[in-house]
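The values are calculated or read from the model by the stated rules, or taken from the named source; none is laboratory data. Values in this document were obtained by computation on a predicted structure and should not be read as measured data. Note that each Cβ is placed from the backbone with ideal geometry, even for glycine, and that neighbours are counted across all protein chains shown.
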Amino acid sequence: MNMSSIAFGFLAQATSAVTSAAATVPAESLPWWRESWALWGIVLLTLAVPTLVARLIAGGLRATDMWGRIATVLVALTAGAVICWLGWPPRLGIDLKGGLILVYEVDNSKQTAARVDDTVRRIEGMAATQEGAQGSVRRRAGGGVTVRLATPDERAREAFLATLTGAEFDRVAVREAGRRGSADTLEIDYDVVPEPAPVAMDKLVAAVSRRVNPGGQKEVTVRQYGLDQIEVIIPDVEQSEANLIKRIVSSAGVLEFRILANRDDVRHQAAIALAAKTAGQSVRQKEETLARWVQIDLKKMDPSDDARLVTRQTADGGLEVLVITDPFNVTGGDLGRVSPSLDEQLSPCVNFTFNSSGAARFGLLTGRNLPDPANGLQSRLGILLDDVVQSAPAIKSTITSFGQITGNFKQPEVDFLVEVLNAGSLPAALRSEPISEQRISSQLGDDTIKSARLAMLMATLLVLTFMLAYYRFSGLVADLAVLLNILLVVAVMISFKAAFTLAGLAGLVLSVGMAVDANVLIYERMREEIDRGAAVRMAIRNGFQRALSTIIDSNLTTLITAVVLFAIGTDQLKGFAITLFFGLLLNLFTAVFCSRVVFDLAERNRWITSLSMSRIFGQPNFQFVKWMKPAIIGSVLFILAGLAAAWQRGQGLFDIDFTGGTSVQVEFKPDQPLGIAAVREAVATLPDAAVSSVSTPGSAPDLRYKIDTSLRGDEARDVEATIRDLFPGRLATYGMDIIEVTSKAAPAVEKGEGKAGDAAAESVPTTIAKLRFPLKISRPTLRATVKAALEAEKIGDADFDIASTESAAVTGRACSDWTLSTTLDAASTRGILEGVKASLAETPVYLAANTIGGKVAGNTKVTAIYALLASLLMIVLYVWIRFQNVAFGLAAVIALAHDVLVAVACLALSTYVAPYLGWALVDDFKISLDVVAALLTIIGFSINDTIVIFDRLRELRGKGRYVSAAMVDKAVNQTLSRTILTSGTAFLATLILYAVGGQGIHAFAFTMLVGIVVGSYSTIYIASPIVLWLQRAFSGGEQPSRSTATA
């Protein structure tokens, strides 16, 4: 498959993405070039024009045999540019755009409890109806039952045992746990154990998607997360909307229509009598369920209005009503359309229609419970949602196709019911609260983008400038290859609709630093050829050919870690894995193929007659092997010190990703900064509180902090309120300045259509208010606050719109200037805005909030360990197979384990040295998922160095069986320039990330800095010497002499 066909595939993908996005925009607002026909025309031109230009260039340069290669490069360049143009701006992840990430777990407890209760009732029925015995059943602690049979008849006992043994229960196992008794009485203990219910996770994901994104218009992601969890990612969402979404997701959405028990209805008397003796929820007579107790939502329905209803108090002070079981089973699955409406009192309500089957059964249900004028009997229809009675209207006539749910509803509650009922019930219930919740404000996202943009620009310019200065013409070619690599990575991300996360941008910066590795390998090989006296053409050919296998080896090992990281990572880390993966994969094309085309053209046309390059060393001849023992001893001592520090810190070494808990990022008012010591003292009352400073380029000190605590679950809800109370009046809020409020009359709107005399004109007042915010605010947050202020003034139906001329508004980010347009007059609008201003002034800005449950944290630990082990194992196997010697594979993994342990040691020791190295931006670092991503990247990066030296060792060994100390020294010396240059460029890029990339990737960048330095060190002083030791061990001590080895 050539590059043209690949480019066509990406262009088609991008065209499809643009076309689907354009489908949501009114046709008249689409520019002509976004029409479907124009897009496909652009695709064809993107392939045809570069091909034609390549033919002309090849002819003009007398390189007709190269026109296909030239065309491939130009098609790739043009396709990348066109895709970026069509799809710009690229999607941003939650950590850059702001939004909400929720993780829910499947909750089988309700269904399990119902199945267990049904099983116990059946056992009770068997015991009560056993002939020749008086049977009774009592529940045991732990979920079992004890059956007591009072009879001396052995045959009756055996008959009961046979009946119970042969019975089939709904996914519940009944196992005998013991028996005892006398001649007249037998008691048998049974364990009643529910079996796990299978959950169709794909159907659950689809059902949740229909709820949170019914029209498919939002950039909402719903996917499976673990075995029995789902992750919901919603960008650019305000807190009140987030609360509604959480309700929508967690509600099972099971709608039922049931008749409420009536004391005057003779048909209900048996059920009412049994219910009075029933402690559980189900009311059964032998094998038949007559009724069940159901909770009442007292905010929606007042049962005291009807004394004929059968109710009872619950232990928590609630109220339950008795609901009759009927054979019609009319549920939410029988609904046709659900819509919001107003009832007779003009209060919000829900209208619904039935499909044909539902209409027939609903007609039978209501028809058999019509009012009886003789005795004044009137039945009430209970409308149940998730086993809670929402309302119970009186049945006045037979109803078939149409109904209405009324109650003391507010409009948001009606919207919630409509969303849930239209989406349908979930195939499995979810826990009412998410086990993990991460919320990031758009303000923090905007600051993060600035930091990441600055870091990317500085790192890229620094690397490009260095390559140009060091390698001159070859450096210029490398720079062009790196820029093309960045363009193609962005184009691929746009084509696949992948979102750029903060970690993803870090991966792009790293790929810039690591992309030059291939160029350095090629150029250093070319230098060696020139030093041997080869001509420029021969040096270019041999340089590319001899470096190719090493380039492929080193890139493949890093790709392995990227794949593992994508498999185990969160949404942000997947973004890192994607950019790193595509960056390295495309680097094979840009550095090897495209660069070769430029070199061949330049040499053939005599644009270059020599290859001038700088040198770090002339012919280095350092003896590295003799220092291996001191180096290994030093490494072991440092690792032991780090492990001791890790042991001392215990759980404090881990971020809440691994321990569970709550993290909140706060900002103080600019005129009220607070030192970190004072913040720590203030939050000391929170369990396991930890405070770290958060800084961004250009921000004042002592304003932003991240506060972590071990609180999770229900307790975590109070963390933000507690923090607000700990710093009264000091936390930053959204201030608002009302610049101007102006009114104007909208154009007259004609009513009627025929006669001129009948035409009437109506003038609609329109008010426009210009607003400015010292602290940037997002559109959803501002819109929700305005809507709340309108509802508070009882004018919630007033139309309004919010817009901004700032470019950030297009991508959903926070802005400083907004314009409010409303149909209210100027005075009313100003009054509403004063309410908005007061509300915003009282609401602290929490830049980010993250709650992680214990189970998620535990799973994260296990996954991280598996990821590290899997990466090490796969790399060892690859190196073993590639070099056909187990010593190389084991030496590589020992060096990689050394690198990881040293990095962890530095993280563990950071808390002790941070007070002295604050000038170096050293903080109290913890192990988080970002750090695990850095450790995996270190594994991939470090093995690159190792493979380069091992490849040179294999070349020096030739057909011999062993490598010698002299070979090791020679291999390291020959590749020393490459090691320093590659590690140096990656180090510089990472150093910029560390310095200006922002708090979100600070720990990641620190770990990477340590890993780059240690990886280069371990390749020379750990991996290579260990190859010698292992070969000696495997060969029984037989080794060639030093002189023989170097011959």
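Looking only at region 659-689, residues that are assigned to a loop (DSSP other than H, G, I, E, B) and of a type outside the set (Gly, Ala, Ser) come to 11 in all. Going by the conditions given, is Tyr994 out of contact with any Leu (no Cβ under 7 Å at 6 or more places or on another chain), surrounded by fewer than 23 Cβ atoms within 10 Å (Cβ to Cβ) and touching a residue at least 40 places away in the same chain (Cβ under 8 Å)? Spelling it out, it is not the case that Tyr994 is out of contact with any Leu (no Cβ under 7 Å at 6 or more places or on another chain), surrounded by fewer than 23 Cβ atoms within 10 Å (Cβ to Cβ) and touching a residue at least 40 places away in the same chain (Cβ under 8 Å).
Being of a type in the set (A, V, I, L, M) and in contact (Cβ under 8 Å) with a residue 12 or more places away in the chain is the filter; apply it to region 278-306 and report the residue that is surrounded by the fewest Cβ atoms within 10 Å (Cβ to Cβ). Filtering region 278-306 for residues that are of a type in the set (A, V, I, L, M) and in contact (Cβ under 8 Å) with a residue 12 or more places away in the chain, the one surrounded by the fewest Cβ atoms within 10 Å (Cβ to Cβ) comes out as Leu298.
Of the strands (runs of 3 or more DSSP E) entirely within region 320-431, those holding at least 1 residues that are modelled with pLDDT of 80 or more and closer than 25 Å to Ser250 by Cβ occupy 335-342, 348-354, 381-385, 388-391. Considering only region 319-351, how many residues are in contact (Cβ under 8 Å) with a residue 24 or more places away in the chain and at positive phi? Number of matching residues: 1. Only helices (runs of 4 or more DSSP H) whose full extent lies in region 912-1001 are considered here, and the ones with at least 1 residues that are in contact with a Ser or Thr (Cβ under 6 Å, 6 or more places away or on another chain) and of a type in the set (Ser, Thr, Tyr) are 929-957, 976-996. I'd like to know if region 647-658 contains one or more residues that are part of a helix (DSSP H, G or I) and either hydroxyl-bearing (Ser, Thr, Tyr) or at positive phi (or both). Scanning region 647-658 turns up at least one residue that is part of a helix (DSSP H, G or I) and either hydroxyl-bearing (Ser, Thr, Tyr) or at positive phi (or both). Within region 537-549, is even one residue at pLDDT 85 or above, more than 45 Å from the chain's Cα centre (by Cα) and surrounded by 20 or more Cβ atoms within 10 Å (Cβ to Cβ)? Scanning region 537-549, I find at least one residue that is at pLDDT 85 or above, more than 45 Å from the chain's Cα centre (by Cα) and surrounded by 20 or more Cβ atoms within 10 Å (Cβ to Cβ), so the answer is yes. Among the residues that make up region 829-850, is at least one of them outside any strand (DSSP E or B), hydrophobic (A, V, I, L, M, F, W, C) and at pLDDT below 80? Yes, the conditions are met somewhere in region 829-850.
Put simply, of Ile865, Ile881, Ile875 the only residue that is of a type outside the set (Gly, Ala, Ser), touching a residue at least 40 places away in the same chain (Cβ under 8 Å) and out of contact with any strand residue (DSSP E or B) (no Cβ under 6 Å at 6 or more places or on another chain) is Ile875.
Among the residues making up region 396-410, those that are loosely packed, with under 15 Cβ neighbours inside 10 Å and touching a residue at least 60 places away in the same chain (Cβ under 8 Å) are Asn408, Lys410.
The rows are residues; the columns are (1) crowded, with 16+ Cβ neighbours inside 10 Å; (2) within 19 Å of Asn850 (Cα to Cα); (3) touching a Leu at 6+ places or on another chain (Cβ under 8 Å).
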| site | (1), (2), (3) |
| --- | --- |
| Gly660 | yes, yes, no |
| Glu667 | yes, yes, yes |
| Ile676 | no, no, no |
| Asp688 | no, yes, no |
| Ser692 | yes, yes, no |
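Pairs meeting the criteria (first residue in region 916-938 and surrounded by fewer than 13 Cβ atoms within 10 Å (Cβ to Cβ), second residue in a helix (DSSP H, G or I), beta carbons under 7 Å, at least 6 apart or on different chains) are lacking. Among the numbered criteria (1) of a type in the set (A, V, I, L, M, F, W, C); (2) outside any helix (DSSP H, G or I); (3) modelled with pLDDT of 55 or more, which single criterion is violated by Ala761? Result: Ala761 fails condition (3) only. Report yes if Gln378 is over 14 Å from Thr331 (Cβ atoms), surrounded by fewer than 17 Cβ atoms within 10 Å (Cβ to Cβ) and of a type outside the set (A, V, I, L, M, F, W, C), otherwise no. Spelling it out, it is not the case that Gln378 is over 14 Å from Thr331 (Cβ atoms), surrounded by fewer than 17 Cβ atoms within 10 Å (Cβ to Cβ) and of a type outside the set (A, V, I, L, M, F, W, C). Right, Thr1019: within 34 Å of the chain's Cα centre (by Cα) and either small (Gly, Ala, Ser) or crowded, with 23+ Cβ neighbours inside 10 Å (or both) or not? For Thr1019, the condition - within 34 Å of the chain's Cα centre (by Cα) and either small (Gly, Ala, Ser) or crowded, with 23+ Cβ neighbours inside 10 Å (or both) - is not met. Please indicate, with yes or no, whether at least one residue in region 721-729 is at pLDDT below 85, in a strand (DSSP E or B) and touching a strand residue (DSSP E or B) at 6+ places or on another chain (Cβ under 7 Å). So far as region 721-729 goes, no, none of its residues is at pLDDT below 85, in a strand (DSSP E or B) and touching a strand residue (DSSP E or B) at 6+ places or on another chain (Cβ under 7 Å).
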